Amino acid sequence: MNKNLVLVAFITTILLFSCKQQVRNETVVYSNDFEANNLSGITNGTITQYNNTAVLGLYNNSYFSLLVNNLPKHDLVTITFDLYIHDSWDGNKQSPDGPDIWEMSVDGNTFISATFSNAPCAGGGGVFCPPQSYPFNYPSSFNNPKTGAYRTDLPGICQLIGDPNGTTLYKIVKTFKHSNSILILKCLDKLVQTNSSNPKCDESWSVDNINIKTISL
């Protein structure tokens, strides 16, 4: 083989291995499906039965926070959970209906600040679809309702006759740099419901299957 080609291949291999950090260890530091009514470490926690499973919620213009202590030495954290958006969220609409915003932060740093829309498309041939920002943050994006959803066929909370909205399930996955020995996950909403006589029945949210994993490189 040509010596120059061998040298190029060798240098390329060295560069690849020097730039790519290897995962040395992964540790699950928190896992909760709420079936055991476990609210340890959770502030403002409440558990509800929804669709034959226990969920953390329901929340409406409210929040929960989760404190996880004594994390092992690590470089990254991955947080995953199911987010249920219940009933008539209006996405990017303005007052009196919206915007309907949901946020997730870790240690005070916001990772998601997005609107969600469960509204059906209407108008000629379904052309008009009240938009949401998710999977991007509000107000920079205008996506169709339920963009990025895992399921769109789940029942709503109040099961109103003729209600077309139902519940949309999103799989939230976030990996980010983190090295502190404690972690505070906070989720909240900023819902606008000027004309609703029963806000929690009209719009709410819940989460399930929270899993937090530390990663060492």
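No lab work stands behind these numbers, since they all come straight from the coordinates. For clarity, every value in this text was computed on a predicted model and none was experimentally measured. All Cβ positions, glycine included, derive from the backbone under ideal geometry; neighbour counts span all protein chains shown.
Could you list, in sequence order, the residues of segment 46-61 that are in a loop (DSSP other than H, G, I, E, B) and over 17 Å from the mean Cα position of the chain (by Cα)?
Taking segment 46-61 first, the residues in a loop (DSSP other than H, G, I, E, B) are 46, 51-52, 60-61.
The answer is Thr46, Asn51, Asn52.
Counting just the residues of segment 62-100 that are crowded, with 17+ Cβ neighbours inside 10 Å and within 12 Å of the chain's Cα centre (by Cα), which one comes out farthest from Ile210 (Cα to Cα)? Going through the qualifying residues, I end up with Ile85. Filter segment 101-122 down to the residues that are in contact (Cβ under 8 Å) with a residue 12 or more places away in the chain and more than 19 Å from Ser133 (Cβ to Cβ), then identify the one that is surrounded by the most Cβ atoms within 10 Å (Cβ to Cβ). Step by step, filter segment 101-122, then rank; the result is Val106.
Considering every residue within segment 192-206, establish whether at least one is free of Cβ contacts under 8 Å to residues at least 24 places away in the same chain, more than 13 Å from Trp89 (Cβ to Cβ) and polar (S, T, N, Q). So far as segment 192-206 goes, yes, one or more of its residues are free of Cβ contacts under 8 Å to residues at least 24 places away in the same chain, more than 13 Å from Trp89 (Cβ to Cβ) and polar (S, T, N, Q).
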